[in-house]
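Notes follow the structure.
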Amino acid sequence: MASSALQIPAAISSSTSAFLGRLPSNNKNIRSCEVSLPGRKHGVCKCISSPSAEQTAYKTKVTRNANMAKLQAGYLFPEIARRRSAHMMKYPDAQVISLGIGDTTEPIPEVITSSMAMRAHFLSTVEGYSGYGAEQGDKKLRATIASTYYKDLGIEESDIFVSDGAKCDISRLQLLFGSEVKMAVQDPSYPAYVDSSVITGQTGLFQKDIEKYGDIEYMRCVPENDFFPDLSTISQADVIFFCSPNNPTGSAATREQLTHLVQFAKNNGSIIVYDSAYAMYISDDSPRTIFEIPGAKEVAIEISSFSKYAGFTGVRLGWTVVPKELLFADGFPVAKDFNRIVCTCFNGASNIAQAGGLACLSPEGLKAMNETINFYKENTKIIVDTFSSLGFNVYGGKNAPYVWVQFPGRRSWDVFAEILEKAHVVTTPGSGFGPGGESFIRVSAFGHRANILEAAKRIKQLYK
C-alpha cells in the first residue's frame with residue numbers, strides 16, 4: 001500500500017501536537033517535519049471532535065459540603081475587585097481610584113520595619129535562629145498587648161492569643177462554637193461573620209425575598225436607632241458578633257449601649273464576640289474595649305488587629321482575648337477549648353511579624369501608629385465634607401476610617417456602578433454588608449492624599 005507524506009507546520013495547536021507526537025524543540029532550524037501516514041488514493045479523512053472537557057472530566061465520589069452551596073455569589077471584596085478589573089478593561093486609560101476595600105496605603109513606620117528587618121537578619125545567625133514558636137504567641141508580646149490595651153482591666157498575658165489577623169480568628173472561633181449554635185450579627189456588618197457561620201453549618205438557606213439566611217438573628221443598625229440594635233426584639237442567640245467602631249457604618253457604641261449589650265448577654269447566657277479592630281480611631285469617650293464594661297469578662301471574647309493601626313494588612317498580626325472567667329454551659333473554660341483549636345489549626349504567628357508587633361507597642365511605635373491613624377482621619381474629614389456639601393446624609397467618619405453615605409430610594413450596587421462608571425472611583429455597596437446596608441455606600445479613607453482629593457473632586461463634579 002502506498003504511503004503519502006503529510007507536511008506538518010511547526011506552529012500547530014497543542015491538542016494536535018499531543019495527538020501526533022511532540023515536535024523537537026531543541027533545534028531552531030527545524031521548520032517542519034514529515035509524518036508518514038498510511039493512506040488510500042481515494043480515501044476520505046474525517047475529522048471528529050473529541051468530547052468536551054465537561055463530558056470527560058473525572059469526578060471523585062466525595063460529596064460537596066452542602067454549606068458551601070448556600071453561599072451567595074462571591075465574597076464581597078473579590079466581587080468588587082472583579083468589577084474594578086472589568087471597568088479597567090473597558091477604560092484602559094482611566095485613572096481608577098479605589099476607596100472600596102479597606103486596605104491601608106501608607107508605608108509602615110520605619111521604627112517598626114527596622115525591628116522586623118533586624119529580627120529577620122538575626123534568623124540568619126546560629127545564635128538568633130528559631131523555628132516554631134508558641135502557638136499562643138510570644139510571651140513578651142502577649143504581656144505587652146495586655147499592659148497596653150487592657151491595663152487595669154484584669155486581662156492577663158495568659159488570656160491573649162496572638163494570631164495572623166482578626167479575620168482568621170473569626171473562623172477559628174466558629175470552629176470552636178460548632179454548627180449547633182445560633183448566631184446574631186449587626187445588620188449591616190463585616191461579611192466574614194455571616195459567611196463563616198454559613199460555612200460552619202449554623203444557618204439555614206438564603207432567603208432571596210428578604211436577603212437573609214435562615215437561623216441568623218440580624219440586628220438592624222440604622223440611623224433611626226443610632227446604629228445600635230433594639231435588643232428587646234432579638235430572640236435567643238448563643239453567639240453575638242458585635243463590631244465597634246462598626247465596619248461599615250463607622251459608628252462606635254457608647255458606654256451605656258455596651259453596658260446594655262453585656263447585660264443582655266448575661267440574661268440570655270450568650271457569648272459576645274467583640275471586634276475592636278478600629279478602636280484606636282475612636283476620638284470621643286466611647287469604650288475602646290468591651291472589657292471596660294463591668295461583667296464583660298464573663299460573657300465576651302475580643303478580637304483585634306494591627307492591620308489598620310500599623311499598616312499590617314499584608315504583614316498579618318492580630319490577637320484574640322479569651323478571659324479565664326468565660327465558661328461554657330457545663331462550666332468548662334472557653335479558653336482551654338480555644339487553645340486546643342489554635343494548637344491544632346495554627347503554628348503561631350510569624351516571629352518576624354511578632355517582632356514588628358512589639359515595635360508597634362513601644363513608645364516610638366505607638367507615636368508612629370497614631371500619626372498614621374491621624375493621617376487617615378484627615379482623609380475621612382475630606383470625604384465627609386465632600387458628601388455633606390452635596391446634601392447627602394453622611395454617617396461615620398468620626399471614630400472609624402469609613403464614611404457611610406445614604407442614597408435614599410436607590411440600590412447600593414446601582415450607586416456603586418454609577419460612581420465607578422462616571423467618576424472612575426471604587427466604593428463599596430452597602431448591601432454587601434447585609435440587607436440593612438441597602439441604599440448606602442461605604443467610602444474608605446485608606447488612600448494617598450492626592451487620590452483622596454482627586455476622588456473628592458470627581459464626586460463633586462458627578463453630583464453637583
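The values are calculated or read from the model by the stated rules, or taken from the named source; none is laboratory data. On a predicted model such as this, the values are computed, not experimentally measured, just so you know. Here the Cβ is made from the backbone with ideal geometry for all residues, glycine too, and neighbour counts use every protein chain on show. To get the accessible areas, we keep the full protein, side chains included, count just its heavy atoms, and leave off ligands, DNA and RNA. Shrake-Rupley method; radii C 1.70, N 1.55, O 1.52, S 1.80 Å.
Measure nothing fancy, just the Cα-based angle from helix 351-360's long axis to the longest principal axis of the chain, in degrees from 0 to 90, nearest 10.
Helix 351-360 and the main axis of the chain meet at about 40 degrees.
Please give the charge dipole size of the chain, origin at the Cα centre, charges +1 on K and R Cβ atoms and -1 on D and E Cβ atoms. Round to the nearest 20 debye.
That gives a dipole near 2340 debye.
Rounded, prolate or oblate: which one fits the chain, using the alpha carbon gyration tensor with axes a ≥ b ≥ c (rounded when a/c is under 1.5, else prolate when a/b beats b/c, else oblate)?
The shape class here is prolate.
In segment 128-197, which GluC sites (Glu not before Pro) fall in coil by DSSP and have 11 or fewer other Cβ atoms within 10 Å?
Hits after loop and neighbour filter: E180.
Given the DSSP H assignment, sum -39500 (n - 2.57) over each helix run of at least 4 residues in the chain and divide by its residue total; what's the result at 222 nm in deg cm²/dmol, nearest 500?
-11500 deg cm²/dmol
In whole Hz, with x marking every Gly and Pro, tabulate ³J(HN,Hα) for segment 397-409 from phi via Karplus 6.51 cos²θ - 1.76 cosθ + 1.60, θ = phi - 60°.
Working through the residues one at a time gives x, 6, 10, 7, x, 10, 10, 10, 10, 9, 10, x, x Hz.
Would you mind checking which residues have amide H under 5 Å from A300's amide H? H placed 1.01 Å from N; only 5 or more apart, or other chain.
Distant-sequence amide H within range of A300: I272.
Would you tally the net charge around S158, using a Cβ to Cβ cut-off of less than 14 Å, leaving S158 out, and scoring K and R as +1, D and E as -1?
Its environment carries a net charge of 0.
Test of the criteria: in segment 321-426, which trypsin sites (Lys or Arg not before Pro) are in a DSSP loop and have at most 15 other Cβ atoms within 10 angstrom of their Cβ?
K324, R410, R411
For segment 168-249, which trypsin sites (Lys or Arg not before Pro) are in a loop by DSSP, counting at most 15 other Cβ atoms within 10 Å?
Within segment 168-249, the qualifying trypsin sites (Lys or Arg not before Pro) (loop, at most 15 other Cβ atoms within 10 Å) are K208.
Computing the accessible area with a 1.4 Å probe over protein heavy atoms, can you report the carbon and sulfur percentage for segment 418-464?
50 percent
Quick one: accessible area per residue over segment 104-225, 1.4 Å probe, rounded to a whole number of Å²?
Counting only protein heavy atoms, the per-residue value for segment 104-225 is 48 Å².
Along Cα→Cβ, 7 Å out, is where each label goes; now give me the distance between the ones at K90 and F122 in nm to one decimal.
5.2 nm
Which one of Y395, A192, L361 is farthest out on the positive end of the charge dipole of the chain, using unit charges on Cβ (Lys, Arg +1; Asp, Glu -1) and the Cα centre as origin?
Toward the positive end, the furthest listed residue is A192.
Consider just the alpha-carbon atoms of segment 343-390 and return their Rg together with their Dmax, both in angstrom.
Rg then Dmax for segment 343-390, in Å: 17.5, 53.
Report, in whole Å, the centroid distance computed from the Cα atoms of segment 235-256 and segment 392-459.
After rounding, the separation between the Cα centres reads 21 Å.
Take the Cα pairs of segment 330-409, get the Kirkwood Rh, then feed it into Stokes-Einstein at 4 °C and 1.567 mPa s and tell me D in µm²/s.
The calculation lands on 78 µm²/s.
For q values of 0.13, 0.14, 0.15 Å⁻¹, compute log₁₀ I(q)/I(0) with the Debye formula on a Cα-only model of segment 222-314, without solvent.
-0.43, -0.50, -0.57
Pull out the extension gain between A329 and D215, defined as 0.36 nm times the separation in residues minus the alpha carbon to alpha carbon distance; nm, one decimal.
Contour length minus the Cα-Cα distance gives 38.9 nm.
So if each residue of separation counts as 0.36 nm, and I subtract the Cα-Cα distance between N65 and A143, what length gain in nm does that give?
Contour length minus Cα-Cα distance gives 24.1 nm.
Of the DSSP beta bridges with both residues in the chain, give the percent that are antiparallel, rounding to the nearest 5.
60 percent
Compute the distance in nm between two label points, each set 7 Å from the Cα along the Cα-to-Cβ direction, one at N268 and one at Y129.
Each label point is offset 7 Å from its Cα along the Cβ direction, giving 5.4 nm.
Can you tell me the relative contact order of the chain? Whole percent, Cα pairs under 8 Å, sequence separation 6 or more.
19 percent
Set the bar at 23 Å for Cα to Cα. Now go through K140/K336; K266/K398; K167/K308; K70/K167; K182/K212 and name every pair that lies beyond it.
Result: K266/K398 exceed 23 Å.
Please give the contour-minus-distance gain from D284 to A450: 0.36 nm per residue of separation, less the Cα-Cα distance, rounded to one decimal in nm.
Length gained, D284 through A450: 57.0 nm.
What part of the accessible area of segment 200-267, given as a whole %, is carbon or sulfur when the probe is 1.4 angstrom?
46 percent
Can you check what the Kirkwood hydrodynamic radius comes to for segment 305-464, Cα pairs only, in Å to one decimal?
The answer is 18.6 Å.
Taking the Cβ of L390 as the centre, find all other residues whose Cβ is under 9 Å away and add up their charges (Lys, Arg: +1; Asp, Glu: -1).
+2
Leaving out ligands, DNA and RNA, and with a 1.4 Å probe, what % of the accessible surface on segment 316-365 is carbon or sulfur?
Ligands and nucleic acids excluded, carbon and sulfur give 58 percent.
Treating cross-link reach as a plain straight distance, find the lysines whose alpha-carbon is under 18 Å from the alpha-carbon of K422, omitting any fewer than eight places away in the same chain.
K90, K457, K460, K464
When the convex hull of the Cα atoms of segment 45-186 is projected onto a plane and the area is averaged over all directions, what value comes out in nm²?
The number I arrive at for segment 45-186 is 20.4 nm².
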